[in-house]
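See structure below.
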Amino acid sequence: MDGVKVSGKYILGDIYMQNKYAVLSYQGLSGLYALGLSLWTGTIYLYMQQVGYSYGQINLFLALFWLVTCVAEIPSGFLADKFGALKMTFWSALFRGSGLLLVAIFDKHLVVLILSAILTALGDSLYSGTLTSWIVERTKNSELDQGKLFSHNYMLVSLVSFVGGYLEADQLGNIELRLPLISGAVILYVVGLVSLSLVRFDTAPKPPEPLRFTFERQIWQKKRPLLETLILFLPLTFITVGPYNQWQLYFQRGPEIKTGLILVGINLAGMLGAFAFNWSAKLSWKTEQLFLAHVVALCLSVWLLIYSSYYLEDLDKTEENKKRVRLFLVEVLQNHATEKFSEYVADDIISHQHEIADGSSAYQEYLQENNVEYDFIFKVIGHGNYVVAYSQALINSRAYAVFDIFRLQAGKIVERYAVTEPIPAKTELTNSGKF
């Protein structure tokens, strides 16, 4: 078979055939692993929300995931060199799949959430660069164009992610939200078993180099550009970490899961961004210009989320909806006209207050059992079908400041968020108080 030369290197033909099994193993494992991830990335937080985890608990999961990932990244390369990249891929798939199954199988429990975060983070760290380093070692003495190989593999992984992301959200997710998690775990276990069967082709372990720790007094001066760049990225990281990980909670509306197409769009945008970066690199942009372009892109995305009307409906009924909410708060929660409750609240109201389950009966039970009485309604603001109320309420005879966020549909409250905070006694105040 004649070879095909590109930029002086063979990417097909005899050179490809010599590395056929290594290349197929690399692409097969990469594709399967990408499928195992894409099957749940668009719905995992929707599932957590469905089973009762609060936004705070979901953020705890994220914080633990990134913290453990950061720490575990340090020894991951050392472990891959010592024990082999394919063995680390096996352990990565095992840990990550087990973390997903914990959340999917067991009922809501904080310990389960924490264990899941730790296991999935360990799996993420152990997989980082392992297959790439393996194929580099396997083909380094050949004339195979590794750049082309990685480019083709990226396209394969992207295609698998598109298909998997759409199927998991728009198909499996609409059957049962835990199915994407279970399916992803099963695929990851398959990756682990395949990796284990290929261990005999693993590269020879490298002898560990002695670890040397040195402390330089002038570290700031020597590494100043790098440290300053990292510091500059911190505010952007704080701003974007929430939307980056929880976009599905923002975009999902109604009972039908539709985040699959959005996930496909995100992946396409990522490919477009990579193309734009390569294009800008050819223009010899300076680092400062690339950084500024990155900042502008992030700011535009956040601005579009904040000011878009995606969530807003009935813009012509803003005043009417504000009036409905004020009447509900005054007549039902302040003046105890409980017989009017159903006039203002939908039977299938969605509650985002962790003490209250979904449904109007659960909301009424909470109000009665905790003797909730709204004392003063200070402010009611709204835009379209969303109305926010700022009030003082008595809950079990204790005063609280309450922010209620209501979403209305056809004049009834169909969704509610709430933030409550105890009001200190006057003797404990250091200023004029909450109001």
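The values are calculated or read from the model by the stated rules, or taken from the named source; none is laboratory data. Just so we're clear, the structure is a prediction, and the values are computed from it rather than from any experiment. Cβ coordinates were reconstructed from backbone atoms using ideal geometry, including for glycine residues, and neighbour counts include every protein chain displayed.
With the condition kept exactly as written, say whether any residue in the stretch 103-112 is closer than 23 Å to LEU198 by Cβ, surrounded by 18 or more Cβ atoms within 10 Å (Cβ to Cβ) and modelled with pLDDT under 95. Checked against the condition, which is being closer than 23 Å to LEU198 by Cβ, surrounded by 18 or more Cβ atoms within 10 Å (Cβ to Cβ) and modelled with pLDDT under 95, the stretch 103-112 yields no hits at all. Going residue by residue through the stretch 306-320, is there one that turns out to be closer than 13 Å to ILE413 by Cβ, surrounded by 17 or more Cβ atoms within 10 Å (Cβ to Cβ) and at pLDDT 90 or above? No, the conditions are met nowhere in the stretch 306-320. For the stretch 352-369, filtered to residues that are among the polar types (S, T, N, Q), within 16 Å of ILE395 (Cβ to Cβ) and modelled with pLDDT of 90 or more, the residue that is nearest to the chain's Cα centre (by Cα) is GLN364.
Restricting attention to the stretch 335-354, and to residues there that are in contact with a strand residue (DSSP E or B) (Cβ under 7 Å, 6 or more places away or on another chain) and in a loop (DSSP other than H, G, I, E, B), which single residue is farthest from ASN371 (Cα to Cα)? Of everything passing the filter in the stretch 335-354, HIS352 is farthest from ASN371 (Cα to Cα).
Yes or no, residue by residue, for (1) farther than 28 Å from ILE175 by Cα; (2) basic (Lys, Arg); (3) buried (at least 18 other Cβ atoms within 10 Å of the Cβ):
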position: ALA22; (1), (2), (3): yes, no, yes
position: SER30; (1), (2), (3): no, no, yes
position: SER38; (1), (2), (3): no, no, yes
position: ILE44; (1), (2), (3): no, no, yes
position: LEU60; (1), (2), (3): no, no, no
position: VAL68; (1), (2), (3): yes, no, yes
position: ALA72; (1), (2), (3): yes, no, yes
position: LYS87; (1), (2), (3): yes, yes, yes
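The lone criterion from (1) modelled with pLDDT under 90; (2) assigned to a loop (DSSP other than H, G, I, E, B) left unmet by THR420 is number (2). Checked against the criteria, TYR386 does not count as surrounded by fewer than 19 Cβ atoms within 10 Å (Cβ to Cβ), hydroxyl-bearing (Ser, Thr, Tyr) and under 36 Å from the mean Cα position of the chain (by Cα). Would it be correct to say that ALA93 is out of contact with any Lys or Arg (no Cβ under 7 Å at 6 or more places or on another chain) and surrounded by 20 or more Cβ atoms within 10 Å (Cβ to Cβ)? Criteria met by ALA93.
Residues are listed down the side, and each one gets a yes or a no for (1) in contact (Cβ under 8 Å) with a residue 60 or more places away in the chain; (2) loosely packed, with under 14 Cβ neighbours inside 10 Å:
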{"position": "GLU339", "(1), (2)": "no, yes"}
{"position": "ALA346", "(1), (2)": "yes, no"}
{"position": "ILE350", "(1), (2)": "yes, no"}
{"position": "TYR374", "(1), (2)": "no, no"}
{"position": "VAL380", "(1), (2)": "no, no"}
{"position": "LEU394", "(1), (2)": "no, no"}
{"position": "VAL402", "(1), (2)": "no, no"}
{"position": "TYR417", "(1), (2)": "yes, no"}
{"position": "ILE423", "(1), (2)": "no, no"}
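When the stretch 73-104 is filtered for residues that are among the aliphatic types (A, V, I, L, M) and touching a residue at least 60 places away in the same chain (Cβ under 8 Å), the ones remaining, listed by number, are ALA85, LEU86, ALA93, LEU94, LEU100, LEU101, VAL103, ALA104. Looking at ALA393, ALA399, ALA357, just one residue is part of a loop (DSSP other than H, G, I, E, B) and either touching a strand residue (DSSP E or B) at 6+ places or on another chain (Cβ under 7 Å) or of a type in the set (Ser, Thr, Tyr) (or both), and that residue is ALA357. Total residues in the stretch 144-168 satisfying the condition of being crowded, with 19+ Cβ neighbours inside 10 Å, more than 20 Å from GLY184 (Cβ to Cβ) and either in contact with a Phe, Trp or Tyr (Cβ under 6 Å, 6 or more places away or on another chain) or modelled with pLDDT under 80 (or both): the figure is 2. When residues in the stretch 131-177 are screened for being in a helix (DSSP H, G or I), over 21 Å from TRP40 (Cβ atoms), touching a helix residue (DSSP H, G or I) at 6+ places or on another chain (Cβ under 9 Å) and not aromatic (Phe, Trp, Tyr), 12 of them pass. If you check ALA389, ALA293, ALA357, ALA362 for being of a type in the set (Gly, Ala, Ser) and closer than 30 Å to TRP279 by Cβ, only one passes: ALA293. The single condition among (1) of a type in the set (Ser, Thr, Tyr); (2) surrounded by 12 or more Cβ atoms within 10 Å (Cβ to Cβ); (3) modelled with pLDDT under 70 that THR287 does not satisfy is (2). Considered as a group, the residues in the stretch 17-43 that are of a type outside the set (S, T, N, Q) and over 25 Å from GLY99 (Cβ atoms) include one that is farthest from the chain's Cα centre (by Cα), and that residue is MET17.
For the stretch 178-226, the tally of residues that are part of a helix (DSSP H, G or I), surrounded by 10 or more Cβ atoms within 10 Å (Cβ to Cβ) and modelled with pLDDT of 70 or more stands at 21.
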